[in-house]
Amino acid sequence: MMHSESMATAYTTVDGDFVHELEIKRSRFITYLRRVESEEQARGLIAELRKSHFDARHHCSAFILGADRMAMRSNDDGEPSGTAGIPMLDALAKRETAPGVTDLSDIVAVVVRYFGGILLGAGGLVRAYSDSVSSALDTAPLLRRQRMRILGVDADYVAAGKLENDLRAGGIQVLGTDYGPRLATLRVALNDENDAIEQFKDRLATLSAGSSTAENLGTEWVDVR
């Protein structure tokens, strides 16, 4: 997802889809987390779960979008106002992904509740929905997204494979290789800082004996695993 208007340089999201279940006073709270890049995708998961869990009483949701987390939405779906969606959103928004860092985004959480016959009360519902999302996040796989400088590195077909291996061995993230009619172009992601780019160009000159050059292809958001 491109966030060209963003001031943020990195954020954290969930790595794919994740499901976690809690039982609280006989009610089942099933939390679904999904990485999404638009409100349409977030609402898509909600619609999917309404169909697959058509017999559940509630499908409460919260999502955060964008590197700067400009879009935040929540829905109580029939639970008393403020007892489900907002606690879920708080659990996402206040989640620390590193000490003192709250940057979780491009994520939707849906909690499907099967009522167990015991009323929890407003305070109990707030805790249940908050704990459901927090517990899911405790074990969900997360990944960093970073805005990086992309460089295109040309090499002949014979040298491209070895050059890619050498760059990876040196800790450089190679996104892939495009094969043109005459040359291969390696797409390399670097920290968007002048020093990092200059160091890379020096290393490239050494590895390729000066035969390869790097072209600036702009910036994009990259998964850092």
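Is it the case, given these coordinates, that D192 is surrounded by 13 or more Cβ atoms within 10 Å (Cβ to Cβ), out of contact with any strand residue (DSSP E or B) (no Cβ under 6 Å at 6 or more places or on another chain) and either of a type in the set (V, I, T) or closer than 23 Å to D223 by Cα (or both)? Taking the combined requirement at face value, the residue does not satisfy it.
Number of residues in region 86-123 that are more than 18 Å from F18 (Cα to Cα) and of a type in the set (D, E, K, R): the value is 4. Residues in region 21-48 that are over 23 Å from the mean Cα position of the chain (by Cα) and surrounded by fewer than 20 Cβ atoms within 10 Å (Cβ to Cβ): 6 in all. The listed residues are S135, S105, and the only one of them that is among the polar types (S, T, N, Q) and crowded, with 20+ Cβ neighbours inside 10 Å turns out to be S105. One residue stands out among those in region 142-194 that are acidic (D, E) and part of a strand (DSSP E or B): the one that is modelled with the highest pLDDT, which is D154. Scanning region 149-173 for residues being more than 13 Å from R203 (Cβ to Cβ) and among the aliphatic types (A, V, I, L, M) gives a total of 5.
The values are calculated or read from the model by the stated rules, or taken from the named source; none is laboratory data. Just so you know, these numbers come straight off a predicted model, no measurement behind them. Neighbour counts are summed over all protein chains in view; Cβ atoms, including those assigned to glycine, are modelled from backbone coordinates with ideal geometry.
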